[in-house]
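> What follows is a structure written as structure tokens; I'll ask about it next.
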């Protein structure tokens with residue numbers, strides 16, 4: 001997970017659109033706002049599911065340049081990563097920049113644009129206390145219409161970890177749950193004699209592509225000796 005708290009704004013030429021007052025007045029979806037305001041540990045999956053059918057608004061900025069009147073705003077973090085700021089409603093857009101004009105699309109289309117343009121993420125309501133970053137595997141899932149789950153509920157992630165751990169001689173059981181300071185907490189039940197092997201397996205898991213992609217905050221492994 002990357003720190004998008006600090007950075008600068010920039011712009012990119014893009015096609016223009018505007019909200020039709022007959023269809024969309026630019027108001028916030030109450031259900032979307034409620035999910036954005038909730039604790040992320042418990043609401044992230046519901047928020048992702050809601051975004052799959054939500055309208056968001058990008059920012060189009062005036063630019064005094066020959067043959068270019070308006071450009072789409074981007075955000076650049078201090079480490080050079082680029083994201084597209086999008087907003088849940090016109091009020092959030094205007095609180096970020098009074099000069100910005102709205103470009104409404106559904107969240108899936110914005111996710112697809114983000115990947116096509118080689119950007120690193122979407123930031124929803126960047127000027128608010130409830131801002132939400134969509135990047136990495138979640139961004140890919142949204143763009144491609146795939147289901148996203150917490151790592152500890154992702155069957156492919158669980159199967160991968162269980163298979164590696166159960167290959168250690170002496171392991172009787174593997175328990176995987178949501179971590180506190182990481183994505184996953186893995187408890188391996190076996191004799192003390194496999195402690196070094198557990199350390200080696202933890203490194204193998206940490207460097208696995210599926211873990212780096214779907215559980216970027218990593219996994220903590222613990223050995224619990226059998227009585």
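> As a test of the formula, what do you get for the chain when each DSSP H run with n ≥ 4 contributes -39,500 (n - 2.57) and the sum is divided by the residue count, at 222 nm and rounded to the nearest 500 deg cm²/dmol? Intermediate values should be presented prior to the final figure.
Values: 8 runs with 76 residues, N = 227.
Taken over the chain, the calculation gives -9500 deg cm²/dmol.
> Expressed as an acute angle from 0 to 90° and rounded to the nearest 10, what is the orientation of the C-alpha long axis of helix 107-116 relative to the principal long axis of the chain?
The angle comes out near 80 degrees.
> Right, another one. Which of 150, 137, 189 ends up with the largest GNM mean-square fluctuation for the chain, with Cα atoms connected below 10 Å?
189
> How many percent of the alpha carbon pairs in the chain exceed a separation of 28 Å? Each step should come with its number before you reach the end.
Working: 10318 of 25651 pairs.
Summing the P(r) of the chain above 28 Å gives 40 percent of all pairs.
> Expressed in nm to one decimal, what extension gain is obtained for the pair residue 162 and residue 224 from 0.36 nm per residue of sequence separation less their Cα-Cα distance? Display every interim value, and only then the final one.
Numbers: separation 62, 0.36 × 62 = 22.32 nm, distance 1.53 nm.
Length gained, residue 162 through residue 224: 20.8 nm.
> R0 = 45 Å: FRET efficiency of residue 116 with residue 180, Cβ-based, nearest 0.05?
With R0 = 45 Å, the Cβ-Cβ based efficiency is 0.80.
> Can I ask one more? Of 206, 73, 111, which has the largest mean-square fluctuation in a 10 Å C-alpha GNM of the chain?
206
> May I ask you to compute the full-extension gain from residue 99 to residue 130, defined as 0.36 nm times their residue separation minus their alpha-carbon distance, rounded to one decimal in nm? List each step's numbers first, then the result.
Working: separation 31, 0.36 × 31 = 11.16 nm, distance 2.22 nm.
Gain on extension, residue 99 to residue 130, equals 8.9 nm.
> If one takes the longest principal axis of the Cα atoms in the chain, at what angle in degrees, from 0 to 90 and to the nearest 10, does the Cα axis of helix 195-207 lie?
The angle comes out near 20 degrees.
> Nearest 10 degrees, 0 to 90: what angle lies between the long axis of helix 155-166 and the longest principal axis of the chain (Cα atoms)?
30 degrees
> Between residue 196 and residue 40, what FRET efficiency follows from the Cβ-Cβ distance if R0 is 41 Å, with the result rounded to 0.05? The partial results should precede the final answer.
Numbers: r = 36 Å, r/R0 = 0.88.
That pair, residue 196 with residue 40, gives E of 0.70.
Just so you know, all these numbers are worked out from the coordinates, no wet-lab data involved. Predicted, not measured: the structure shown is a model, and the values here were computed from it. Positions of Cβ are generated from backbone atoms using ideal geometry, with glycine treated the same way; all protein chains shown enter the neighbour counts.
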